[in-house]
Amino acid sequence: MESTVVVLGGGVGGMITANLLRKNLPEPYTITLIDREEHHVFAPSLPWLVTGERQAGNISRSLNSLKQKGIEFIQGEIEHVDAQRRTVIVDGRSITGDYLVLSLGAALVPEEIPGLAAGYSFYDLAQAERLRQKLAEFQGGSLVLLTASPLYKCPAAPYEMAMLLDSYFQKRGIRSRVRMSFYAAEPAPMAVAGVNVSESVVQFLRQREISYYPQHQIIRVNPDKKTIDFTNGVQESYDLLIHVPTHKPPKVIQESGLIGENGWVTVNQYSLETAIPKVYAIGDVTGIPLEMGKPLPKAGVFAHGQAKVVANNIILQLTGKGRRAEFDGHGECFIEIGKHKAGFARGNFYASPRPVVKVYPPGIRWHFGKVFFEKNWFRTWF
Ligand SMILES: Cc1cc2nc3c(=O)[nH]c(=O)nc-3n(C[C@H](O)[C@H](O)[C@H](O)COP(=O)(O)OP(=O)(O)OC[C@H]3O[C@@H](n4cnc5c(N)ncnc54)[C@H](O)[C@@H]3O)c2cc1C
């Protein structure tokens with residue numbers, strides 16, 4: 001099978017790229033979108049699903065509905081990517097594009113840490129639903145939330161989850177029976193966004209009596225004894241363990257020859273082109289080093305901005321219409337702090353010598369800003 005543009009991954013980056021291409025390219029051009037999942041899930045709402053404020057149907061849509069717009073959606077497993085030939089194998093079938101856009105995200109690999117998979121997570125829909133059920137039975141004890149490595153998508157999400165859980169336990173009247181601890185592999189919360197952001201988040205945790213232990217790298221979990229060991233010799237016991245698992249590029253991308261020194265796909269940070277002509281990579285699968293020494297965070301807001309740039313430049317090449325666009329590193333983030341309040345930060349992550357991020361005081365309006373964003377997401381793209 002042949003297609004003008006083959007987009008790999010129906011998550012944030014891929015789904016937006018396919019939509020924008022279809023909207024702006026006339027019919028003779030074909031857009032093919034491939035994902036193993038039938039549903040696109042709006043991940044920023046997963047913490048709300050855990051605390052019972054959303055159901056799966058509220059935060060996901062079938063990618064099959066994109067067929068009505070003229071996007072060819074194929075649900076299947078991408079088994080091989082031949083970037084030089086711009087050809088992929090999907091469930092044994094070969095598909096070649098004039099252009100290839102890779103947006104396959106980060107794979108979650110809890111099995112990298114012995115025993116960790118026995119804990120609970122909220123980083124995909126199935127895990128979040130499993131955690132919600134577990135929480136309903138939980139009547140108190142030691143709750144440990146941890147990040148298994150310093151690099152994970154949405155650096156705000158585990159902190160947000162901790163604060164939403166604090167509110168959730170208060171609402172159930174059992175907060176005094178839950179000892180909450182947060183063990184972070186990273187040195188500080190959302191450190192790329194700067195000291196102001198990190199200090200605000202640490203303060204929020206302190207106000208909620210959530211003990212915070214940064215720079216604790218987990219080595220193993222003993223699910224029988226319910227203990228966790230860290231590389232610095234610390235051992236913690238738990239009744240309920242919630243983790244953010246280690247992230248890796250999907251296997252098919254690891255084998256594609258596109259991985260650079262930092263372990264993720266190397267791209268031009270402005271155009272998102274890989275070293276191979278007409279092959280682009282966007283979103284979490286990429287590794288974009290910032291001048292400050294840390295990588296661009298893995299977040300939907302960046303996958304979204306990069307999708308716009310890539311779609312624009314492919315449309316320009318095919319039709320001659322428009323002007324060349326560049327990704328400028330701007331991004332923003334809500335952080336729910338519980339009780340229908342949220343904080344907000346916005347900034348330029350490509351600023352030199354380090355990102356410039358403005359932090360807005362938390363309030364009800366940012367919470368409703370996120371609710372509006374969620375509703376608008378499905379109206380805009382589905
Ligand atoms: C709990 C949580 C909260 C978050 N909150 C926010 C937030 O508030 N703001 C924000 O900006 N970001 C947030 N994020 C991060 C955001 O969801 C990701 O950064 C974003 O989805 C990345 O987009 P992507 O297109 O790169 O990858 P993804 O959206 O992960 O999409 C990748 C797709 O590729 C598919 N795929 C992978 N391998 C294969 C294969 N071999 N065959 C077929 N299909 C395959 C997957 O099924 C998936 O659909 C959050 C993430 C989580 C988990």
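Descriptive notes on the structure:
- Each residue in segment 203-227 was checked for being part of a loop (DSSP other than H, G, I, E, B) and in contact with a strand residue (DSSP E or B) (Cβ under 8 Å, 6 or more places away or on another chain), and 6 pass.
- Hey, GLN306 among the polar types (S, T, N, Q) and outside the structural domain of TYR123 (by TED's automatic domain parsing) or not: yes
- Candidates LYS370, LYS294, LYS298 - the one that is within 12 Å of the ligand (Cβ to nearest atom) and closer than 30 Å to GLN254 by Cβ: LYS298
- The numbered conditions (1) of a type outside the set (A, V, I, L, M); (2) free of Cβ contacts under 8 Å to residues at least 60 places away in the same chain; (3) open to solvent by 20 Å² or more (accessible area, probe 1.4 Å); (4) within 13 Å of the ligand (Cβ to nearest atom) are all true for GLU79 except (2).
- Only listed residue being assigned to a helix (DSSP H, G or I) and closer than 30 Å to ARG346 by Cα, chosen from ALA128, ALA117: ALA128
- Checked against the criterion of being within 11 Å of the ligand (Cβ to nearest atom), aliphatic (A, V, I, L, M) and open to solvent by 10 Å² or more (accessible area, probe 1.4 Å), segment 247-261 has at least one qualifying residue.
- Pick from segment 260-307, criterion within 14 Å of the chain's Cα centre (by Cα) and of a type in the set (Val, Ile, Thr), ranking: farthest from VAL81 (Cα to Cα): VAL301
- Contacts under 7 angstrom Cβ, first residue in segment 251-279 being among the acidic types (Asp, Glu), partner open to solvent by less than 20 Å² (accessible area, probe 1.4 Å), 6 or more apart: GLU273/TYR280
- Considering each residue of segment 165-175 in turn, at least one proves to be within 16 Å of the ligand (Cβ to nearest atom), of a type in the set (A, V, I, L, M, F, W, C), in a helix (DSSP H, G or I) and within 15 Å of VAL244 (Cβ to Cβ).
- Pairs meeting the criteria (first residue in segment 31-50 and under 19 Å from SER121 (Cβ atoms) and open to solvent by 10 Å² or more (accessible area, probe 1.4 Å), second residue more than 9 Å from the ligand (Cβ to nearest atom) and of a type in the set (Asp, Glu), beta carbons under 8 Å, at least 6 apart or on different chains) are PRO44/GLU374.
- Residue match in segment 93-110 (condition: within 24 Å of TRP264 (Cα to Cα), in the same structural domain as GLU53 (by TED's automatic domain parsing) and open to solvent by 60 Å² or more (accessible area, probe 1.4 Å)): yes
- Qualifying residue in segment 278-287 (condition: of a type in the set (Phe, Trp, Tyr), more than 28 Å from GLY119 (Cβ to Cβ), open to solvent by less than 20 Å² (accessible area, probe 1.4 Å) and more than 10 Å from the ligand (Cβ to nearest atom)): yes
- When GLY141 is tested against (1) at positive phi; (2) within 16 Å of the ligand (Cβ to nearest atom), just one condition goes unmet, and that condition is (2).
- Scanning segment 144-164 for residues that are open to solvent by less than 20 Å² (accessible area, probe 1.4 Å), touching a His at 6+ places or on another chain (Cβ under 7 Å) and within 9 Å of the ligand (Cβ to nearest atom) returns a single hit, TYR152.
- Segment 34-63, subset of a type in the set (Gly, Ala, Ser), part of a helix (DSSP H, G or I) and closer than 20 Å to PRO158 by Cα, residue farthest from the ligand (Cβ to nearest atom): ALA56
- Index of the failed condition, ASN312 passing every other in (1) more than 15 Å from the ligand (Cβ to nearest atom); (2) of a type outside the set (D, E, K, R); (3) under 18 Å from the mean Cα position of the chain (by Cα): (3)
The values are calculated or read from the model by the stated rules, or taken from the named source; none is laboratory data. Values in this document were obtained by computation on a predicted structure and should not be read as measured data. Quick reminder, even Gly has a Cβ in these numbers, built from the backbone with ideal geometry, and neighbours come from all protein chains shown. Accessible surface is based on the protein model in full, side chains and every heavy atom, while ligands, DNA and RNA are left aside. Shrake-Rupley method; radii C 1.70, N 1.55, O 1.52, S 1.80 Å.
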